[in-house]
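These notes are about the structure you will find just below.
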Amino acid sequence: DTEVTQTPKHLVMGMTNKKSLKCEQHMGHRAMYWYKQKAKKPPELMFVYSYEKLSINESVPSRFSPECPNSSLLNLHLHALQPEDSALYLCASSQDRAGNEQFFGPGTRLTVL
Amino acid sequence: EDQVTQSPEALRLQEGESSSLNCSYTVSGLRGLFWYRQDPGKGPEFLFTLYSAGEEKEKERLKATLTKKESFLHITAPKPEDSATYLCAVQALSGANSKLTFGKGITLSVRP
């Protein structure tokens, strides 16, 4: 099974709301990632978790807060977002950090009003 | 700094008309080169990993090749369902060794 699942598929939120995106994989992968993708652009890395510890934060604003409760789950908590944060948010996982293909989920389409 | 350039930006083919997509890269040391397919509004779908020059991989109508400077994704007798954006990414040996550097992608349209 090479599936990464993400919920919700779509999310509309106001600038004062707090919401969370969820990601799950059952492939036994030990690295998990959050990416942001704008229309007609490639994915941009936001965060990397390796063995449930945050290992890379690509200078992401604090209104995005990642969490890795266990080796299968990855959350992205959202608070006080701006309209320019509207994008497709992608979760991915890989066997570990080094040299292994990353498998992506279907994404959450986020709209900030 | 690692760089990936994909060309052309867009490609329109007639069904059955074979062609190649190019991915040129510069990286301090290549750990791996990855090809993905992405349909609109969906997450990228993994296609191939290539690790060393001369390596080739095939899957159905797709064949990926790698040299020291570039990779090609050859599409043989494409069908309309092959229409998608194809992304190339590299991972370097040094630095943050899980980070992928993506190209901007090639949008392929196959007309019936």
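Test of understanding: among B:F34, B:F48, which residue is within 27 Å of A:E58 (Cα to Cα), touching a Ser or Thr at 6+ places or on another chain (Cβ under 7 Å) and not polar (S, T, N, Q)? First the steps, then the outcome.
Values: B:F48 fails: touching a Ser or Thr at 6+ places or on another chain (Cβ under 7 Å).
Of the residues listed, the single one that is within 27 Å of A:E58 (Cα to Cα), touching a Ser or Thr at 6+ places or on another chain (Cβ under 7 Å) and not polar (S, T, N, Q) is B:F34.
Looking for whichever is surrounded by 17 or more Cβ atoms within 10 Å (Cβ to Cβ) and of a type in the set (A, V, I, L, M, F, W, C) here; the options are A:M27, A:M46. Which one fits?
Of A:M27, A:M46, the one residue that is surrounded by 17 or more Cβ atoms within 10 Å (Cβ to Cβ) and of a type in the set (A, V, I, L, M, F, W, C) is A:M46.
Would you be able to tell me the number of residues in the range A:1-21 that are surrounded by fewer than 17 Cβ atoms within 10 Å (Cβ to Cβ) and either of a type in the set (K, R) or touching a Lys or Arg at 6+ places or on another chain (Cβ under 6 Å) (or both)?
Qualifying residue count, the range A:1-21: 4.
Yes/no matrix, rows are residues, columns are (1) at pLDDT 95 or above; (2) surrounded by fewer than 17 Cβ atoms within 10 Å (Cβ to Cβ):
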position	(1), (2)
B:D2	no, no
B:Q6	yes, no
B:A10	yes, yes
B:V27	no, no
B:F34	yes, no
B:R37	yes, no
B:E55	yes, yes
B:E58	yes, yes
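Please work out if A:Y35 is under 27 Å from B:W35 (Cα atoms) and touching a Pro at 6+ places or on another chain (Cβ under 6 Å).
yes
Those residues that are in a strand (DSSP E or B) and under 16 Å from B:G41 (Cβ atoms), I need them from the range A:8-19; list them, please.
A:H10, A:L11, A:V12
The values are calculated or read from the model by the stated rules, or taken from the named source; none is laboratory data. All values reported here derive from a predicted model rather than from experimental measurement. Please note: Cβ atoms are built from the backbone with ideal geometry, for glycine as well, and neighbour counts cover all protein chains shown.
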